[in-house]
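Engineer: Just passing along the structure, written as structure tokens.
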Amino acid sequence: MPFKDFAVGEILTSSDVDTYLMSQAVIRCTSATRPTPVQGMHIYETDTNKTQRYNGSVWEELGAAWKDYTPTVYQNASTISSGLTKWGKYRQNGNIVEVYIRVLNSSGFSGTSDQIAVSAPVNGYAPSAPSITQGEQVIGSYQGNAVDATVALGVITSSARDRFKIYRAYASGSSVGFSSVTGTLFASSGQEFILHGAYLSAAS
């Protein structure tokens, strides 16, 4: 955006107003009356109380507020529909999504040996090969069956970019690493995992 140092007594032209004032102002409007955008334009929507910026392609919300969502929990491809209490919140700025997920075994859910996964509020970025060492990750805590509280890891893989596969940290002798959280490791009331972190959306 150009900058002009006006001289004393200089006449302000309509071109000056458009170039040096209007193009650098935060415009007040509604979500239905947004102006024709140019890259870098900022607006404030009076009906949504949101500040938006145009990045050259789309409007992006700035300082996004937290939104509620109820995560879906899966074993393999099947949805777990009972026995769990679930909370979720997220907010997104551009391609960065921050998420908080808590899943509690509240009424004795009894699972299988299949890995547990939980839905992401916004599809995440992942490379071509699904691997615990690849793809977007968020970290948290895990308390499971006969396992002391430890680190939880949610990983988005290319096979299912709409969900996090859940892993837990382990230590066995001199070996440390992450292993899959399965239903049988999450099979008693009071056990839970929490994920909180930021990741790149699939558009990245």
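Engineer: Do we find that ARG91 is among the charged types (D, E, K, R), free of Cβ contacts under 8 Å to residues at least 60 places away in the same chain, assigned to a strand (DSSP E or B) and closer than 19 Å to TYR199 by Cα in this structure?
Structural biologist: Answer is yes for this residue.
Engineer: Take region 1-52 and flag every residue that is closer than 21 Å to GLY63 by Cα, in contact (Cβ under 8 Å) with a residue 24 or more places away in the chain and either among the hydrophobic types (A, V, I, L, M, F, W, C) or assigned to a loop (DSSP other than H, G, I, E, B) (or both).
Structural biologist: Within region 1-52, VAL26, ARG34, GLY40 meet the criteria.
Engineer: Could I ask something else about it? Please go through (1) touching a residue at least 60 places away in the same chain (Cβ under 8 Å); (2) buried (at least 17 other Cβ atoms within 10 Å of the Cβ); (3) not hydroxyl-bearing (Ser, Thr, Tyr) for ASP114 and return the number of the only condition it doesn't satisfy.
Structural biologist: (2)
Engineer: For region 1-37, enumerate the residues that are exposed (fewer than 10 other Cβ atoms within 10 Å of the Cβ), at pLDDT 80 or above and closer than 30 Å to GLN92 by Cα.
Structural biologist: ALA32, THR36
Engineer: Here is a further query. Assess whether SER81 counts as being part of a loop (DSSP other than H, G, I, E, B), assigned by TED's automatic domain parsing to the domain that holds ALA160 and exposed (fewer than 13 other Cβ atoms within 10 Å of the Cβ).
Structural biologist: The answer is yes for SER81.
Engineer: List, please: which pairs have Cβ atoms under 9 Å, are six or more places apart or on different chains, and start with a residue in region 69-86 that is under 22 Å from VAL97 (Cβ atoms) and end with one that is among the aliphatic types (A, V, I, L, M) and in a loop (DSSP other than H, G, I, E, B)?
Structural biologist: PRO71/ALA120; THR72/ILE80; VAL73/ILE80; TYR74/ILE80
Engineer: Could you list, in sequence order, all residues of region 1-38 that are among the polar types (S, T, N, Q) and more than 23 Å from ALA65 (Cα to Cα)?
Structural biologist: Let us first name the residues in region 1-38 that are among the polar types (S, T, N, Q), namely 13-15, 19, 23-24, 30-31, 33, 36.
Once the filter is applied, which keeps residues that are among the polar types (S, T, N, Q) and more than 23 Å from ALA65 (Cα to Cα), region 1-38 yields THR13, SER14, SER15, THR19, SER23, GLN24, THR36.
Engineer: Here's a check for you: in region 38-70, which residue that is surrounded by 13 or more Cβ atoms within 10 Å (Cβ to Cβ) and of a type in the set (Val, Ile, Thr) is farthest from LEU84 (Cα to Cα)?
Structural biologist: Checking each candidate, the answer is ILE43.
Engineer: Hey, could you check region 53-78 for residues that are among the polar types (S, T, N, Q) and at pLDDT 90 or above and say which is nearest to CYS29 (Cα to Cα)?
Structural biologist: Out of the qualifying residues, it is THR70.
Engineer: Out of everything in region 168-204 that is part of a strand (DSSP E or B), aromatic (Phe, Trp, Tyr) and touching a residue at least 60 places away in the same chain (Cβ under 8 Å), what residue ends up being surrounded by the most Cβ atoms within 10 Å (Cβ to Cβ)?
Structural biologist: That would be PHE193.
The values are calculated or read from the model by the stated rules, or taken from the named source; none is laboratory data. All of these numbers come straight from a predicted model, not from anything done at the bench. Ideal geometry is used to build each Cβ from the backbone, glycine not excepted, and the neighbour counts take in all protein chains shown.
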